[in-house]
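K.L.:
I am attaching a structure below and will ask some questions about it afterwards.
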Amino acid sequence: MAEAFIVAAARTAGGRRKGKLAGWHPADLAGQVLNALVQTTGAAPDSIEDVIMGCVGQAGEQGNNVARGAVLAAGLPESVPATSVDRQCGSSQQALHFAAQAVMSGAQDIVIAAGVESMTRVPMGTPVILPAQNGLGSPMSPRQKERYPNIQFSQFMGAEMMAAKYGLTKDELDAFAYLTTQRAVAATQSGAFKAEIVPIEVVDEDGAKSLHTVDEGIRFDSTLESIRGVKLLREDGRLTAATSSQICDGASGVMVVNEAGLKRLGVEPLARIHHMTVVGGDPVIMLEAPIPGTKRALAKTGMKIDDIDLFEVNEAFASVPLAWLKETGADPERLNVNGGAIALGHPLGASGTKLMATLVHALRARGKRYGLQTMCEGGGLSNVTIVERL
């Protein structure tokens, strides 16, 4: 079977809710990333055989196959097909898996995996809330209710359950939030993100134009004391807004090719897809699946946790990466070395390829070999991807 290589990886800088990227239609924003990937590799636009795009809020401006909308908005040839994927927060990581599987099978040679989410313009939960408001029912079916009686699936509750199950204190959660913020600040100030960020033109309230190149959610003046002072999300809980991922607008993508694609493009690969795993787990605690997913990936590859040089574990809530660290025994110094979603933002469907862009570029910058990325996902799911820098 052929191998899958990443030849380009890029993302926008995150935009805060109603922030700098709020004026961008999500299809147009994603189109900017598609164009950047094509330009970086010098690929002929009509050589792209598919675009697979993750998006969670597939309604309104992100409805009607937003991936195809992005292709058309980018000005790519009409011959370039596209499809949209929803595996909740792992949507664009799953898009990457689909793209890799396509080129490994030989069915296609050059595929773009991408993601987009404008949480400003399509608020979280829109695909469920709008139908319910119009009498069109709920995704929770009668038979699901029989299996899970009196259960309301909630990521917020799942995060609190994770904290309790793994004995994580509020002080530990707060300390992690401070650490990831400091890492994001250091990465930004050192230029660590420069190679992965696609500059996006934005217009301020006075009509002045500028390029958006810095993640807007980073709190550069954050202190441990200020984090500790944030109000709890629930009175008997341990999590706060400061230890939760930020609402974020953004887009991201990677170009994936096989050996034939490498020859057609005449470029050097950034990384090789070494392994892909997806698992399901308890949909009530919901956010725990990265732990068994990581263990399965390591078992299938014959690798040990210490064989991995860098980890990207999505910071949906601080309890997720901290529980993952406890259970896997991973070195915390290798985890989210440039900060994570608590500091940078979590643009839902775009986060998978966003993290992969950060991981691939971090491996190259640090001269490391293996990286592992995993994401907790609604419904108790998780994707795990291991890449090798080349």
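No lab work stands behind these numbers, since they all come straight from the coordinates. Small disclaimer: the values here were computed from a predicted structure and weren't measured. Note that we place each Cβ from the backbone using ideal geometry, even for glycine, and neighbour counts take in every protein chain shown.
K.L.:
Considering only the stretch 19-34, I want to know if a residue exists there that is hydrophobic (A, V, I, L, M, F, W, C), more than 26 Å from ARG272 (Cα to Cα), part of a helix (DSSP H, G or I) and touching a helix residue (DSSP H, G or I) at 6+ places or on another chain (Cβ under 6 Å).
P.N.:
Yes: one or more hits.
K.L.:
Condition first: out of contact with any Leu (no Cβ under 8 Å at 6 or more places or on another chain) and either on the phi > 0 side of the Ramachandran plot or in a strand (DSSP E or B) (or both). Now tell me which residues in the stretch 81-114 satisfy that.
P.N.:
Within the stretch 81-114, ALA82, THR83, SER84, VAL85, GLY106, VAL111 meet the criteria.
K.L.:
May I pose another question? Residues to consider are ALA343, ALA316; find the one that is touching a Cys at 6+ places or on another chain (Cβ under 7 Å), in contact (Cβ under 8 Å) with a residue 24 or more places away in the chain and over 16 Å from VAL254 (Cα atoms).
P.N.:
ALA316
K.L.:
Please determine, by comparing only the residues of the stretch 64-80 that are part of a loop (DSSP other than H, G, I, E, B) and touching a residue at least 12 places away in the same chain (Cβ under 8 Å), which one is nearest to PRO127 (Cα to Cα).
P.N.:
First, pick out the residues of the stretch 64-80 that are part of a loop (DSSP other than H, G, I, E, B): 64-65, 75-80.
Cutting the leftovers down to touching a residue at least 12 places away in the same chain (Cβ under 8 Å) gives us 65, 75-77, 79-80.
Values: ASN65: 13, GLY75: 28, LEU76: 28, PRO77: 30, SER79: 29, VAL80: 27 Å.
In this case the residue turns out to be ASN65.
K.L.:
In the list VAL203, VAL185, which residue meets the criterion of being under 28 Å from ILE6 (Cβ atoms) and either aliphatic (A, V, I, L, M) or surrounded by fewer than 17 Cβ atoms within 10 Å (Cβ to Cβ) (or both)?
P.N.:
Answer to the check: VAL185.
K.L.:
Kindly check whether there is at least one residue in the stretch 74-86 that is buried (at least 24 other Cβ atoms within 10 Å of the Cβ), charged (D, E, K, R) and touching a strand residue (DSSP E or B) at 6+ places or on another chain (Cβ under 9 Å).
P.N.:
No, because not a single residue in the stretch 74-86 is buried (at least 24 other Cβ atoms within 10 Å of the Cβ), charged (D, E, K, R) and touching a strand residue (DSSP E or B) at 6+ places or on another chain (Cβ under 9 Å).
K.L.:
Would you check if THR181 is among the β-branched types (Val, Ile, Thr), touching a helix residue (DSSP H, G or I) at 6+ places or on another chain (Cβ under 6 Å), in contact (Cβ under 8 Å) with a residue 60 or more places away in the chain and under 22 Å from SER319 (Cα atoms)?
P.N.:
Here the answer is yes, as THR181 does meet what is asked.
K.L.:
Okay, next question. If I go through the stretch 217-256 residue by residue, how many of them are more than 12 Å from LEU173 (Cα to Cα), of a type outside the set (Ser, Thr, Tyr) and surrounded by 20 or more Cβ atoms within 10 Å (Cβ to Cβ)?
P.N.:
So the answer is 12.
K.L.:
Right, here's the next one. Name the pairs whose Cβ atoms lie under 9 Å apart, with the first residue in the stretch 322-338 and at positive phi, the second not in a helix (DSSP H, G or I), and 6 or more positions between them or separate chains?
P.N.:
ASN336/LEU310; ASN336/PHE311; ASN336/GLU312; ASN336/VAL313; ASN336/ASN314; ASN336/GLU315
K.L.:
In the stretch 298-321, which residues are part of a helix (DSSP H, G or I) and surrounded by fewer than 24 Cβ atoms within 10 Å (Cβ to Cβ)? Can you show your working first?
P.N.:
Filtering the stretch 298-321 down to residues part of a helix (DSSP H, G or I) leaves 298-301, 305-307, 319-321.
LEU298, ALA299, LYS300, THR301, ILE305, ASP306, ASP307, listed by residue number.
K.L.:
I'm trying to understand the selection: among the residues of the stretch 234-288, which are assigned to a helix (DSSP H, G or I) and of a type in the set (Ser, Thr, Tyr)?
P.N.:
First, pick out the residues of the stretch 234-288 that are assigned to a helix (DSSP H, G or I): 241-243, 259-265.
The answer is THR243, and nothing else.
K.L.:
Evaluate the stretch 375-386: report whether one residue or more is outside any strand (DSSP E or B) and among the hydroxyl-bearing types (Ser, Thr, Tyr). I'd like the intermediate steps shown before the answer.
P.N.:
First pass over the stretch 375-386, keeping only residues outside any strand (DSSP E or B): 378-380.
Adding the requirement that they be among the hydroxyl-bearing types (Ser, Thr, Tyr) leaves none.
No.
K.L.:
Does the stretch 258-267 contain any residue that is out of contact with any Gly (no Cβ under 9 Å at 6 or more places or on another chain) and not charged (D, E, K, R)?
P.N.:
yes
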